[in-house]
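No value in this document is a laboratory result; all are computed from the given coordinates. Computed from a prediction, not measured in an experiment: that's the story for all the values here. Virtual Cβ from ideal backbone geometry, glycine too; neighbours counted across all protein chains shown.
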Amino acid sequence: MDFSSYDLRTTLRLIVLSGESRRVDVKRGTKHGAIYINQGEICRAVAGPIEGDEAFFEILSWDKAVHGDTQEPEAIERNMKVSTDVLLHLIKDQTSTTD
């Protein structure tokens, strides 16, 4: 299933809830980033030289960014400290306040 037809926050929530392993590539102008989800757990984020939780929130801050997702069959080394449950809660709260 292609989740990228939704906004980024919804895409991330749907992939986590599906339990799939996917890479979400995000681009805004010259900025590039990726969020890796392994079996429904947000495990890695990279945005240029920034990694981990900071990269995750940096990517979410990019206004009018475009994204796409692809299957990620191999397990990726975790660099996130905040749990997926907390991240999903934060994403949901941010979506609710922007609607």
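Ranked by how many other Cβ atoms sit within 10 Å of their own Cβ, fewest first, the residues ILE91, ILE42 fall in the order ILE91, ILE42. Taking a straight Cα-Cα cut-off under 12 Å and skipping sequence neighbours fewer than 8 places away in the same chain, the aspartates and glutamates within cross-link reach of LYS31 are GLU58, ASP63. Computed over the chain, the P(r) curve from all C-alpha pair distances, binned at 10 Å from the origin, holds 17, 56, 27, 1 percent per bin.
Positive contributions from Lys and Arg (+1) and negative ones from Asp and Glu (-1), summed over other residues with Cβ under 12 Å from the Cβ of PRO73, come out at -1.
Charging the Cβ of each Asp and Glu at -1 and of each Lys and Arg at +1, and nothing else, the dipole of the stretch 8-98 about its Cα centre rounds to 280 debye.
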